[in-house]
Amino acid sequence: MDSNLPRYSMFIDGTFQPASANDWFESFNPYTGEAWALVARGSAGEVNTAVEAAHRALNEGEWASLTATKRGALLRRLGDLIARDAQKLAEIEVHDNGKLLNEMAAQLRYIPEWFYYFGGLADKLEGAVLPIDKPDNFVFTRQEPVGVVAAITPWNSPLFLTAWKLAPALAAGCTVVIKPSEHTSVSMLEFCKLVQEAGFPAGVINVVTGYGDEVGDPLVNHELVAKIAFTGGESVGIRVHQAAARNMKGVTLELGGKSPNIVFEDAAMDDAVKGVISGIFAATGQTCIAGSRLLVQSSIYDTFIEKLVAFASTARMGDPLLAETQVGPITTRSQYQTVLKYIEIARSEGARCVLGGKEASGGACGNGWFVEPTIFADVKNDMRIAQEEVFGPVLSVIRFEDEAEAIRIANDSRYGLAAGVWTQDVKRMFRMAKALQAGSVWINTYRAGSFMAPFGGFKRSGLGRENGQDAIYEFLETKTVWISTASEVPNPFVMR
Ligand code: NAD
């Protein structure tokens with residue numbers, strides 16, 4: 001470990017601090033394959049300090065007594081600071097996750113909207129006076145923050161996916177302990193400087209960095225955590241869900257996918273090609289909503305694959321910081337090996353490789369962890385390459401005959417995060433929107449999202465929703481208050 005690399009400390013109870021054992025771990029740049037920063041390696045001790053600080057901030061002091069209007073103003077101030085530093089934060093993320101600067105800068109410029117939208121919602125969370133059927137009672141409800149929130153995020157879009165949790169949780173009045181991915185923690189720690197500058201009271205936002213078993217596990221099992229908002233893979237999601245059940249905590253899970261992108265014979269062909277490319281090769285396929293199963297109607301199957309391969313083969317791989325680069329490296333060495341392993345699996349299952357199919361190195365790719373944009377044709381939906389999430393630039397193409405078969409294949413998956421449909425038939429658009437088992441259905445578009453639009457998964461893609469007004473209720477608890485207006489307490493042995 002090169003001890004001269006820049007060091008990034010955790011943010012707990014309003015101050016930056018190293019791990020108590022003074023342990024650090026390396027953060028790697030996927031484009032060079034080399035370590036570029038050292039991050040504090042937290043443990044159960046730091047988790048406990050952070051959760052206790054969050055619990056104190058929730059129940060006593062400035063945050064607890066802040067009006068919802070002032071809380072909203074604080075969120076909007078943070079949004080302004082993120083907008084000011086968007087480019088700098090985006091560059092840090094590119095160093096850590098190797099995604100294109102174009103993509104990360106666009107995300108960072110968009111993140112402030114979450115803080116404006118949920119900041120605006122903070123003082124509009126109304127309870128209700130109930131027209132109760134029991135006379136001599138005045139009954140109303142209150143919307144209260146659920147408590148300390150544990151926010152756990154993956155490596156593909158570090159600050160973007162944190163904002164989806166943080167903005168509604170803070171707007172609801174909760175306090176938060178964030179555990180970013182060990183592969184991409186630096187932008188989150190840089191972000192904490194803005195939290196300080198905005199003037200958030202100590203303990204409201206905390207970040208404990210480290211590994212899943214050393215930080216994530218004690219965090220989800222901590223008795224003072226009331227709610228877990230998790231984005232990541234299915235297997236860790238299940239562990240998190242089990243911990244939540246053991247401790248009776250609320251949980252939101254945003255997990256993986258194997259989303260179908262369905263092209264009918266009446267689609268605008270060139271648009272569909274672009275939509276399919278954006279679904280699988282943008283972000284090097286490292287997105288939960290990757291349209292990794294392409295379903296193409298038989299009558300246009302060969303022509304469509306030809307057009308797709310022609311377009312995809314022009315994709316420029318290289319330095320993610322350069323504006324002309326279109327496909328960057330894979331974020332981690334182990335994920336790079338996983339993607340290559342799936343390419344071998346596809347071959348051994350009999351899928352026909354029509355583009356790419358191997359690692360890329362040298363030239364513009366340097367020593368980075370690059371895999372060529374890869375397309376497998378003649379995939380059957382029961383092959384592993386069609387059923388398992390690859391999380392890389394690997395597309396499986398499956399043939400279908402008619403609408404009923406397209407629906408059957410699309411829904412024949414353990415996942416249900418998203419689906420795309422390319423057609424010009426308006427009636428079919430509505431039929432498909434209803435029939436597809438997915439949390440988001442895109443018609444003649446792909447990979448669209450907004451702070452205003454609920455997002456989440458069906459089936460094994462997750463539980464609960466982020467974004468839109470639905471999201472804030474994930475962080476609120478309804479309390480019902482009964483006040484008797486009767487002149488005396490009636491017979492105590494009869495239920496009222
Ligand atoms: P991962 O599940 O390996 O890790 C996610 C986070 O969980 C990391 O911070 C990790 O350190 C932490 N973790 C690991 N073990 C833990 C434990 N025992 N207890 C608590 N936390 C633990 O996922 P990843 O490889 O970082 O990210 C890729 C996955 O994320 C893919 O499956 C992708 O589909 C999914 N994802 C989903 C969405 C969505 O919104 N649905 C968005 C992006 C990514």
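The values are calculated or read from the model by the stated rules, or taken from the named source; none is laboratory data. Note that the structure is a prediction, hence the values are computed from the model and not measured. Counting neighbours? That spans all protein chains shown, and the Cβs are built from the backbone with ideal geometry, glycine included. Just the protein is used for accessible areas: all its heavy atoms, side chains included, with ligands, DNA and RNA removed. Shrake-Rupley method; radii C 1.70, N 1.55, O 1.52, S 1.80 Å.
How many residues are touching a strand residue (DSSP E or B) at 6+ places or on another chain (Cβ under 6 Å) and hydroxyl-bearing (Ser, Thr, Tyr) if we restrict to the stretch 293-312?
2
Mind checking which residues of the stretch 294-313 are touching a helix residue (DSSP H, G or I) at 6+ places or on another chain (Cβ under 6 Å) and among the charged types (D, E, K, R)?
Passing the criteria: only Lys307.
So how many residues does the stretch 456-475 have that are among the charged types (D, E, K, R), over 18 Å from Thr162 (Cβ atoms) and touching a helix residue (DSSP H, G or I) at 6+ places or on another chain (Cβ under 8 Å)?
Result for the stretch 456-475: 1.
Among the candidates Ala448, Ala410, which residue alone is hydrophobic (A, V, I, L, M, F, W, C), outside the structural domain of Leu75 (by TED's automatic domain parsing) and surrounded by fewer than 20 Cβ atoms within 10 Å (Cβ to Cβ)?
Ala448
Scan Ala163, Ala151 and give me the residue that is under 23 Å from Val251 (Cβ atoms) and in a strand (DSSP E or B).
Going through Ala163, Ala151 in turn, just one is under 23 Å from Val251 (Cβ atoms) and in a strand (DSSP E or B): Ala151.
Taking Arg465, is it open to solvent by 20 Å² or more (accessible area, probe 1.4 Å), within 25 Å of the chain's Cα centre (by Cα), over 13 Å from Pro260 (Cα atoms) and within 16 Å of the ligand (Cβ to nearest atom)?
Here the answer is yes, as Arg465 does meet what is asked.
So Gly420 passes all but one of these: (1) of a type in the set (Gly, Ala, Ser); (2) without any contact (Cβ under 8 Å) to a residue 24 or more places away in the chain; (3) in a strand (DSSP E or B). Which condition number does it fail?
Answer for Gly420: the failing condition is (2).
With the checklist (1) within 14 Å of the ligand (Cβ to nearest atom); (2) open to solvent by less than 30 Å² (accessible area, probe 1.4 Å); (3) of a type outside the set (Ser, Thr, Tyr) in hand, flag the one item Ala453 doesn't pass.
Ala453 satisfies all of (1) within 14 Å of the ligand (Cβ to nearest atom); (2) open to solvent by less than 30 Å² (accessible area, probe 1.4 Å); (3) of a type outside the set (Ser, Thr, Tyr) except (2).
Looking only at the stretch 109-126, which residues are open to solvent by 40 Å² or more (accessible area, probe 1.4 Å) and under 22 Å from Thr69 (Cβ atoms)?
Matches in the stretch 109-126: Glu113, Tyr116, Tyr117, Asp123, Lys124, Glu126.
Among the residues that make up the stretch 154-161, is at least one of them in contact with a Gly (Cβ under 8 Å, 6 or more places away or on another chain), in contact (Cβ under 8 Å) with a residue 24 or more places away in the chain and closer than 18 Å to Glu103 by Cα?
yes
Would you check if there is a residue in the stretch 274-287 being outside any strand (DSSP E or B), among the basic types (Lys, Arg) and open to solvent by less than 10 Å² (accessible area, probe 1.4 Å)?
No, there is no match, as no residue in the stretch 274-287 is outside any strand (DSSP E or B), among the basic types (Lys, Arg) and open to solvent by less than 10 Å² (accessible area, probe 1.4 Å).
Can Asp319 be described as at negative phi and open to solvent by 10 Å² or more (accessible area, probe 1.4 Å)?
yes
So Glu474 ticks every box in (1) assigned by TED's automatic domain parsing to the domain that holds Pro168; (2) touching an Asp or Glu at 6+ places or on another chain (Cβ under 7 Å); (3) not small (Gly, Ala, Ser) but one. Which box is left unticked?
The number of the failed condition is (2).
Go over the candidates Leu81, Leu38 one by one and state the one that is assigned by TED's automatic domain parsing to the domain that holds Phe115, touching a residue at least 12 places away in the same chain (Cβ under 8 Å) and more than 25 Å from Phe370 (Cα to Cα).
Step by step, each of Leu81, Leu38 is checked, and only Leu81 is assigned by TED's automatic domain parsing to the domain that holds Phe115, touching a residue at least 12 places away in the same chain (Cβ under 8 Å) and more than 25 Å from Phe370 (Cα to Cα).
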